[in-house]
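**Q** Just dropping this structure here.
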Amino acid sequence: MFQIIFNEMSAAEMTALPKALQLDLLAEFQVLPEDLGRLDGDRFGVIEREGKKLYRYRAKEYRIYFEKAAEGIKIHRVLHKNTFRDFLFRSKLPTGEDEQLRETREFWKLIEQGERTRKKM
């Protein structure tokens with residue numbers, strides 16, 4: 001059975017959004033684990049670091065960061081696009097968005113924060 005699993009942080013980020021926006025984002029997020037090998041480059045990105053592969057999906061003004069899990073798709077964070085875009089603009093890094101995120105310690109702290117929250121339960 002295929003599931004979309006939200007960790008505690010991503011669930012909190014989704015519930016903070018208006019219900020209509022939540023439904024719109026989930027309706028746009030049409031991805032299956034078997035699709036991850038052939039992703040649309042306009043909406044998807046891949047961020048790798050130390051053997052961990054995260055995917056980024058652009059939905060409206062938000063970015064959904066997730067990974068493939070045995071059960072289906074595990075969502076780590078749901079963030080407004082300006083969260084990282086402002087940081088990247090201010091830092092004036094010369095590479096693409098995904099490459100910049102891969103090298104940004106603050107991004108990985110956000111992902112790890114969601115993982116630690118789940119382990120405490």
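**Q** Please count how many residues of region 38-57 are out of contact with any strand residue (DSSP E or B) (no Cβ under 8 Å at 6 or more places or on another chain) and under 24 Å from residue 115 (Cα atoms).
**A** Within region 38-57, residues that are out of contact with any strand residue (DSSP E or B) (no Cβ under 8 Å at 6 or more places or on another chain) and under 24 Å from residue 115 (Cα atoms) number 3.
**Q** I want to confirm something. Restricting to region 1-51 and keeping residues that are without any contact (Cβ under 8 Å) to a residue 40 or more places away in the chain, of a type in the set (S, T, N, Q) and not in a loop (DSSP other than H, G, I, E, B), which single residue is surrounded by the fewest Cβ atoms within 10 Å (Cβ to Cβ)?
**A** So the residue we want is 15.
**Q** Quick one: residue 111 ticks every box in (1) β-branched (Val, Ile, Thr); (2) touching a Leu at 6+ places or on another chain (Cβ under 8 Å); (3) at pLDDT 85 or above bar one, so which box is it?
**A** Exception for residue 111: condition (3).
**Q** Let me ask something additional. Which residues, taken from region 52-81, are part of a strand (DSSP E or B), surrounded by fewer than 14 Cβ atoms within 10 Å (Cβ to Cβ) and touching a residue at least 24 places away in the same chain (Cβ under 8 Å)?
**A** The answer is 69, and nothing else.
Yes or no, residue by residue, for (1) within 17 Å of residue 78 (Cα to Cα); (2) among the small types (Gly, Ala, Ser):
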site	(1), (2)
13	yes, no
32	no, no
37	no, yes
62	yes, no
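**Q** Would you check if residue 89 is at pLDDT below 80 and of a type in the set (A, V, I, L, M, F, W, C)?
**A** Here the answer is yes, as residue 89 does meet what is asked.
The values are calculated or read from the model by the stated rules, or taken from the named source; none is laboratory data. Only a predicted model underlies this, so the values are computations on that prediction, with no experimental measurement involved. Because the Cβ atoms are built from the backbone with ideal geometry, glycine has one as well, and the counts that use them run over all protein chains shown.
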